[in-house]
Amino acid sequence: MMVVCNSSPLIALLSIKRLDILNKLFKKVIIPEAVYKEVFKAKSISETSKFFQIEQVKDKNLVRLLRMHLDCGESEAIALAIEQGIDRVIIDDKQARKIADKQGLKVIGTLGILMLAKKKQIIKEVRPLILNIMENINFRISERILNKALEFVGEKEV
């Protein structure tokens, strides 16, 4: 399964040194150039290419339209998924998730990635990882949603 990923899930997983989760869950993780530049400024493409395929969006008009409501990385991620016929995106921002959903894309966020990783036995627990992310990078998620997710994967509430 292929997926296009935005910046915030990459930053979240980098903050806990678990980018490998994406590589274990998906056959190919594609990131737009804008996301690559935002997240991996100091690294070379060869350092990150074992996990990701960096792509340039061709449909600049679609990016411009999306930029009316979203930031550059989110706009490019959605545009790239549409352009390449990839139906899955990893995005955390609520507004971007709504727009991606309206475009017919299946959306998953950082918490969903961790839940899927637990289901596939890549990680043992979601709770310590998501709490670590929240502490490290000011990652925001409502307590209600977090507790619902933890309950779903059989873990205790926060």
Between the modelled labels at LYS27 and LYS148 (7 Å from Cα along Cα→Cβ) the distance in nm is 3.2 nm
Over the Cα atoms of the chain, how large are the radius of gyration and the largest Cα-Cα distance (Dmax), in Å? 15.2, 46
Ellipticity estimate at 222 nm from DSSP helix runs (n ≥ 4, -39,500 (n - 2.57)) divided over the chain, nearest 500: -15000 deg cm²/dmol
If you roll a 1.4 angstrom probe over the protein chains with everything in place, what fraction of the accessible area of the chain belongs to carbon and sulfur, to the nearest %? 50 percent
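Within 11 Å, Cβ to Cβ, of ILE141, how many net charges do the neighbouring residues add up to if Lys/Arg are +1 and Asp/Glu are -1?
On the way: positive: LYS94, ARG140, ARG144, LYS148; negative: ASP92, GLU143.
Once all neighbours under 11 Å are counted, the net charge is +2.
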On a straight-distance basis, which lysines could pair with LYS41 in a cross-link, Cα separation under 18 angstrom, same-chain partners fewer than 8 positions away excluded? LYS17, LYS50
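Around ALA81, what is the net charge, scoring Lys/Arg as +1 and Asp/Glu as -1 over all other residues with Cβ under 9 Å from its Cβ?
On the way: positive: ARG88; negative: GLU83, ASP87.
It works out to a net charge of -1.
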Whole-number accessible area per residue in Å² for the stretch 50-116, which is evaluated in the context of all protein chains at 1.4 Å: 52 Å²
Comparing SER15, SER142, SER75, which has the greatest mean-square fluctuation in the GNM of the chain with Cα pairs linked when under 10 Å apart? SER142
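Using 0.36 nm times the number of residues separating ASN132 and ASP101, minus their current alpha carbon distance, what extension gain do you get? Can you show the working numbers first?
Values: separation 31, 0.36 × 31 = 11.16 nm, distance 2.81 nm.
Length difference between fully extended and current span is 8.3 nm.
Is the C-alpha gyration tensor of the stretch 1-43 telling us rounded, prolate or oblate? Criteria: a/c under 1.5 is rounded; beyond that, a/b larger than b/c is prolate, otherwise oblate.
Because a/c hits 1.5 or more and a/b fails to exceed b/c, the stretch 1-43 counts as oblate.
The values are calculated or read from the model by the stated rules, or taken from the named source; none is laboratory data. None of these values were measured; they are calculated from a predicted model. Heads up, the Cβs are rebuilt from the backbone with ideal geometry, glycines too, and the neighbour counts pull from every protein chain shown. Just the protein is used for accessible areas: all its heavy atoms, side chains included, with ligands, DNA and RNA removed. Shrake-Rupley method; radii C 1.70, N 1.55, O 1.52, S 1.80 Å.
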